[in-house]
Structures are given as C-alpha cells and as structure tokens.
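What follows is a structure written as structure tokens; I'll ask about it next.
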Amino acid sequence: MGVQFAAPVVGLFSATADYSSVVSINIFVTLLCACIVIGHLLEENRWMNESTTAIAIGLCTGFVILLISKGTSSRILVFSEDLFFIYLLPPIIFNAGFQVKKKQFFRNFMTIMLFGAVGTLISFSLISFGAFRLCKLMDIGPMELGDFLAIGAIFSATDSVCTLQVLNQDETPLLYSLVFGEGVVNDATSVVLFNAIQSFDLSHINSSTGFHLVGNFLYLFIISTLLGVIAGLLSAYVIKKLYFGRHSTDREVALMILMAYLSYVLAELFELSAILTVFFCGIVMSHYTWHNVTESSRITTKHIFATMSFISEIFIFLYVGMDALDIEKWKIVSGSPGKSISISAALLGMVLVGRAAFVFPLSFLSNLTKKLPEEKINWKQQITIWWAGLMRGAVSIALAYKKFSLSGFTQQHQNAVMITSTITVVLFSTVVFGLLTKPLVKFLLPSTRHASEPSTPKSFLAPLLGNGQDSEADLGIHVPRPTSLRMLLTTPTHTVHHYWRKFDNAFMRPMFGGRGFAPFVPGSPAERSTLDVND
C-alpha cells in the first residue's frame, strides 16, 4: 500500500521539478546550515567572520564539485541577476534601514551623503579613467565608453559588512554611523550610476550628455527616496487606522513584509533605484509603522527582517566562493594568465587609490564644519573608514554579471576577463582584507568594555532601532532658535533634529502613529510598556 502511494507522489514531483535542481537546492541549503554552524563556532575568532567563512566553504565545495565532475563544472546553481536583485538584495537593504539608529544616522546625514554620494562619484571617475587607460594599454579587446563607465560603477560599490561586524556602535557611535550609512548610500549610488549609464546612448556624446547624466542621476535619487517614504507612510497609516492586531498579529506582520517588498518591486517597475526606495521605506517603517503594531509583532518583525537579511548575505558569499572556480570563464582567459593577474592587480590598486582620494580630503572638509572635538573624524577613524570600503562584494559581482555576461555565461574574451577580474578582486579583498579587519580595528580602536562584562547576544547588545536614545526634544532641553541662515548653518546639527521632532510630534505622529501613538487596547500590558519607554 505504501509503495502504491509513493509512486504517484514521485511521479508528480518529477513532473513539477527537475531532479538535479532538487539535489542542487538540497546541497545549497546544507551548505547554508554549515556556514551558520561554523560561523557560530568561530564567533570569537580573531581573524574569521561570516563573509570569509561562507566564501571559504564555497571555495571548498566548488573544488569538490570540480573533482567530481572531472573539471567540467564547479557550480550547483547558475547565477541569475534577477535572483540577486529581486530576491536576495531587498531583505539586506531593508533590514539596514529598519535597524538603523535614526538619530545618529540623520545627525551625521550630511557627512554620510558626502562620503556615500560625492565620494562614490570621485571614486567612480578615477576608476573609470584608470580602466580606460588600462584596457588600452593591455589590449584586452574591443570595449566602448559605456563599458569603462560600468567598470567604474562596479568597483565603486563597497562592502563594509566585515568592518561593521567588528565595530561597536555603543562605543564608537559616530564611526559606526558613518561606515554603516556610507555603505548603504554607496551601494545605492553605484547602482543608480550603473543604471543611468545603461540607459544612455554613449556612442554619440555631445555637450549636453553630461548634464543629462547628472539630471538622470538626481531624478533617480530623489524620486526613489520619495517612493520609499510614501510606501512606509502608507503602511503606517493603514495599520494605525485598521489596527489588525486586535484580531490577528499575523496580518499586520504580513502587511509590513509585503508593503516593504512592494516598494522595492515598484521601484524596479518604474526603473528607479530600488535600493534607495526600500532603505528609506525601512527607516520610515521603523519610525512609524513598527510602533503601530502589537508588542509581539514588534519582536517578530525585528527578528524576521534580521534573519532574512542574514541568510541572504550568507547565500551571496557562498555562491561567490563557489563561482570563483567556474572552469568555463577561466578557460577563456587561460591563454594569458599573466595579463589576467595584471588587470586584477591594477583594478585592486585603483580601488585603493580611488578610496583614499575622497576619504581623507572629505574628512578634512567635514571636520571644518564641526565645532566639538568629539564630532570630528580623527586620523584613526579616517583610516578605519578607508579600510571599511576596500572590500568588494555582492553588488560588484551582480553588476559585473549584469554588464558582461548573459545568465552567468560569456564567450567573449574581454567580457570573460572582466568577470574573472571582478571575482578575483572580490575574493582577494574580502578574504585578505576581511581577515585583517578585526586585528586592525582592535589596534586602532581598542575596546573599552570591561573583560568581566557578561556575554550577551548581539541582538540584545544593540538597542533596537535606537528607541532608547532620547533626543533633545524628548528630554525637554532648550536649544536656541536660529535667527538667520548663517546661524542655522553654524549651529550644531542637533537643532535641526530638534525642530524636526517638534514637527513630527505635532503633525506626523498624530496621523501616521509612532512612539506614544500606538492604538493598543487601554490598560493592556503592551500600552503600559510603551508608555514606560516613552517616559
């Protein structure tokens, strides 16, 4: 009876999915579990981190598959740009916005934008020019202006995950805020630049092309941000008015997740910067929507978003390690291994120079506008910021595949060279620079925590969403009102935050909810705990 029952099931399963795909998925899920377990065992290791662990496991797995397949393949899944941009990237960026400490982020907003937007443009320009000179010198093959500009965007996208895992946002709030904020804005700026380049016909350049590029960049930046804010406010308003939690917490959690994802896919639909959209949607949701749901939904959403982001990051780095041994791309460039190594080394050098070209000068400019010593970026912090942006990761890989390959495969020599060079730079920077990150940060910024301090999970060490950090408006501290534009520009940035909080409390929170306006049932434990936090 059991055999007769199993046969139709197997037949149905085979009809709906290819058996080899199922095997591949099983292997990949097993590897994800292995990354989590090994990462936990190496938690206190001085050198290793989640990114390098996943890449190392991916390399080992790719080598084993290469041996089993007798040198024909090293992959169990084919890379897809849609898989990365539609499914893996949204939870990572949304969680970054959802978990950000808004007070620190917006207090240092101008410096973050200076590094993340202006700095990325400087790095993009230098790397694009260097790639143009390099490709002409090395005679890689026929490449157009759009290809060189795309290379600049690809290698301007940083990956500061390794550094953020080491930094303590309670001990170095300014540095953590700058590294974190710059990393997100940098990714968004790189993708916006890449998309702006792809949408223009650069074969016929005239005097207006540059203005069109800048105008398109600003349009994408502003409209994408507004779309994210509107999506976040809409979710807050709907949940506040309808109060799903009185009947089902599942509904309000589901609505938050779906509204966040809807903002991302809408931005993709309208060809905007989905990264910027979902990031600011996360910020708005954490400020308004999160306070409108029940207490159990708050805990649930916080851990759901963090877990989805964590799994996506491991998935990406695991695949990068596995794809590094893809034999098809290396066969194309095997005729000139010295040239391939030289190109990778030159691109890595451009990354180092391009990063230094804006971090130190822009830090100097930022310090000129600061009055208090603790608000200035000292030399050790500048070196840490420079180092944090040297790693290249998933965004660079995805953009390289999107530009120089079709569904993970390429047959043209120049395209294969750029794909293999990108993989080499990503692997070298993530593994080598990543391994050195912990010792370097501990040397530059020695921890001040007492050795006997109890071990606590990371999710509890970091105050959730910065809700425990009261602003000047909350504490009732009097801040002098600026009487002129000059006084406003020379007044410390917390006064701008002060006036925003007054506007927020008077107009935004009564309409969209937020801390102190959550529609809990009167007298419930949830209401009392919320009032305790606010008071």
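Over the stretch 99-180, what per residue volume does the convex hull of the Cα atoms give, in whole Å³?
Spread over its residues, the Cα hull of the stretch 99-180 gives 110 Å³ apiece.
Kindly report the accessible area of the stretch 311-400 per residue (heavy atoms of protein chains, probe 1.4 Å, no ligands, DNA or RNA), in Å².
Averaged over the residues of the stretch 311-400, the accessible area is 39 Å².
If you don't mind, there's one more thing I want to ask. What is the percent carbon and sulfur in the accessible area of the stretch 345-394, measuring with a 1.4 Å probe over the protein chains and ignoring ligands?
Of the solvent-accessible surface of the stretch 345-394, carbon and sulfur hold 73 percent.
Pairwise over distinct Cα atoms, reciprocal of the mean inverse distance: report the Kirkwood radius of the stretch 342-437 in Å, one decimal place. Numbers along the way, then the final one.
Details: mean 1/r = 0.0658 Å⁻¹.
One decimal place: 15.2 Å for the Kirkwood radius.
Which value, in Å² and to the nearest 10, is the accessible area of C33 when all protein chains are kept and the probe is 1.4 Å?
70 Å²
Continuing with this model, one more query. Determine ³J(HN,Hα), in whole Hz, for all residues of the stretch 379-396 in sequence, where each value follows from phi through the Karplus function 6.51 cos²θ - 1.76 cosθ + 1.60 and θ = phi - 60°; x replaces Gly and Pro.
Result, rounded to whole Hz: 5, 5, 5, 5, 5, 5, 5, 4, 5, 4, x, 7, 6, 10, x, 5, 5, 4.
How high is the FRET efficiency from M511 to I36, r the C-beta distance, R0 56 Å, rounded to 0.05? Don't jump to the answer; show the numbers that get you there.
On the way: r = 42 Å, r/R0 = 0.75.
The value I calculate is 0.85.
A further question follows. At 1.4 Å probe size, what's the solvent-accessible area of F244? Round to the nearest 10 Å².
50 Å²
Further question: Holding the Cα-Cα limit at 23 Å, pick out from K331/K402; K102/K302; K70/K331; K102/K370; K370/K438 the pairs that are longer than that.
Table pairs above 23 Å Cα-Cα are K370/K438.
Then there is this: Taking all protein chains together and a probe of 1.4 Å, list W387, W379, W500, W330 from the most accessible to the least accessible.
My answer, sorted largest first, is W379, W500, W330, W387.
Any idea of I341's accessible area? Nearest 10 Å², probe 1.4 Å.
The accessible area comes out at roughly 120 Å².
Further, regarding this structure: Give the accessible surface of the stretch 215-266 per residue, rounded to a whole number of Å², with probe radius 1.4 Å and ligands, DNA and RNA excluded.
Per residue, the stretch 215-266 has an accessible area of 51 Å².
Could you work out what % of the accessible surface of the stretch 87-245 is carbon and sulfur, using a 1.4 angstrom probe and leaving DNA, RNA and ligands out of the count?
C and S atoms contribute 68 percent here.
Right, here's the next one. Using a probe radius of 1.4 Å on heavy atoms only, what accessible surface per residue do you get for the stretch 134-178? Whole Å² is fine.
That works out to 34 Å² per residue.
Run the accessible area of the stretch 256-333 with a 1.4 Å probe and give the carbon-and-sulfur part as a rounded percent.
Percent of accessible area from carbon and sulfur atoms in the stretch 256-333: 74.
The values are calculated or read from the model by the stated rules, or taken from the named source; none is laboratory data. All values reported here derive from a predicted model rather than from experimental measurement. Heads up, the Cβs are rebuilt from the backbone with ideal geometry, glycines too, and the neighbour counts pull from every protein chain shown. Note: accessible area is taken over every heavy atom of the protein model, side chains too, but ligands, DNA and RNA are not part of it. Shrake-Rupley method; radii C 1.70, N 1.55, O 1.52, S 1.80 Å.
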